[in-house]
């Protein structure tokens, strides 16, 4: 299969994820399609808009995210949460076994963080991919551990273990299933020289969001003015993060043939950040 060509034909979703109790306020999705060599952004929205009663609570919003993924089989979803652990902290024989056993191994987000700290020692361990893409934090850092825990437990695991989606590159892409890939907007922005303080309420941060958006648009992204305005106005930067996630997903889909099946085995256990 020509994975790059197939990826280019797929609908593109960028998901800025959150494991907070009111995750619906923080999870944003940017959705687009590819025309020729351009990614056309069609929509950008907070996930609670897909919840029947507009609840912002984590359980309802993660359920809505799973439904969104299952409803878009010919798509590729770039999601901003870690898909795995550092190899030294994995006791299972392979990645699929790790994901399958995850709720049994860790009964809560705090239990997950505590066990990671106990096993890892004083220094917070990073995966090889975290080091390579200059990820800001370890996957069990105070700022990230709930994203990791709830992303793996409530999104990744049910989809993968039920055979409803493929997690790349640990699994081979299948044409009839949605593809899931890990992205890190901060790493993508660093690769573009655009990692600047853009989250905040002042005019200064707003101008930075506009600058980042304009620079990425120059790389072959088409965004309607109404969506562009929405992204810039979102003071927490979550809308922009979802846009960056969609950009990273699109960019990675174009070079899928250079990635799938060609990565060293460590990435098939620890996961790989597409950026």
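The values are calculated or read from the model by the stated rules, or taken from the named source; none is laboratory data. What you see is a predicted model; the values in this text were computed from it and never measured. As a convention, Cβ positions derive from the backbone with ideal geometry for all residues, glycine included, and neighbour counts pool all protein chains shown.
Can you find a residue that is in a loop (DSSP other than H, G, I, E, B), touching a residue at least 24 places away in the same chain (Cβ under 8 Å), in contact with a strand residue (DSSP E or B) (Cβ under 9 Å, 6 or more places away or on another chain) and under 26 Å from residue 46 (Cα atoms) anywhere in region 173-180? Taking every residue of region 173-180 in turn, at least one turns out to be in a loop (DSSP other than H, G, I, E, B), touching a residue at least 24 places away in the same chain (Cβ under 8 Å), in contact with a strand residue (DSSP E or B) (Cβ under 9 Å, 6 or more places away or on another chain) and under 26 Å from residue 46 (Cα atoms). Somewhere in region 59-76, is a residue in contact with a helix residue (DSSP H, G or I) (Cβ under 6 Å, 6 or more places away or on another chain), buried (at least 23 other Cβ atoms within 10 Å of the Cβ), at pLDDT 95 or above and outside any helix (DSSP H, G or I)? Yes, that holds for at least one residue.
Scan 199, 208, 164 and give me the residue that is modelled with pLDDT of 95 or more, out of contact with any strand residue (DSSP E or B) (no Cβ under 9 Å at 6 or more places or on another chain) and more than 29 Å from residue 72 (Cβ to Cβ). Unique residue meeting the criteria: 208.
I'd like to verify a number: residues in region 97-123 that are surrounded by fewer than 18 Cβ atoms within 10 Å (Cβ to Cβ) and either closer than 29 Å to residue 243 by Cα or touching a strand residue (DSSP E or B) at 6+ places or on another chain (Cβ under 7 Å) (or both), how many? Give the derivation first.
Filtering region 97-123 down to residues surrounded by fewer than 18 Cβ atoms within 10 Å (Cβ to Cβ) leaves 97, 100-101, 103-105, 107-111, 114-115, 117-123.
When the remaining residues are screened for being either closer than 29 Å to residue 243 by Cα or touching a strand residue (DSSP E or B) at 6+ places or on another chain (Cβ under 7 Å) (or both), the result is 109.
Counting residues in region 97-123 that are surrounded by fewer than 18 Cβ atoms within 10 Å (Cβ to Cβ) and either closer than 29 Å to residue 243 by Cα or touching a strand residue (DSSP E or B) at 6+ places or on another chain (Cβ under 7 Å) (or both) gives 1.
The residues of region 210-245 that are on the phi > 0 side of the Ramachandran plot and either in a helix (DSSP H, G or I) or buried (at least 21 other Cβ atoms within 10 Å of the Cβ) (or both) amount to a single one, 237.
Here is a yes/no grid of residues against (1) at pLDDT below 95; (2) part of a loop (DSSP other than H, G, I, E, B); (3) surrounded by 15 or more Cβ atoms within 10 Å (Cβ to Cβ):
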position: 189; (1), (2), (3): no, no, yes
position: 193; (1), (2), (3): no, yes, no
position: 247; (1), (2), (3): no, no, yes
position: 262; (1), (2), (3): yes, yes, no
position: 267; (1), (2), (3): no, no, yes
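Out of curiosity, is residue 154 surrounded by fewer than 22 Cβ atoms within 10 Å (Cβ to Cβ), in a helix (DSSP H, G or I), touching a helix residue (DSSP H, G or I) at 6+ places or on another chain (Cβ under 6 Å) and touching a residue at least 60 places away in the same chain (Cβ under 8 Å)? Yes; evaluated as a whole, the condition is true for this residue. Failed condition for residue 140, given (1) free of Cβ contacts under 8 Å to residues at least 12 places away in the same chain; (2) outside any helix (DSSP H, G or I), with all others met? Residue 140 satisfies all of (1) free of Cβ contacts under 8 Å to residues at least 12 places away in the same chain; (2) outside any helix (DSSP H, G or I) except (1).
Note on region 173-211: residues that are over 18 Å from the mean Cα position of the chain (by Cα) and under 16 Å from residue 256 (Cα atoms) total 2.
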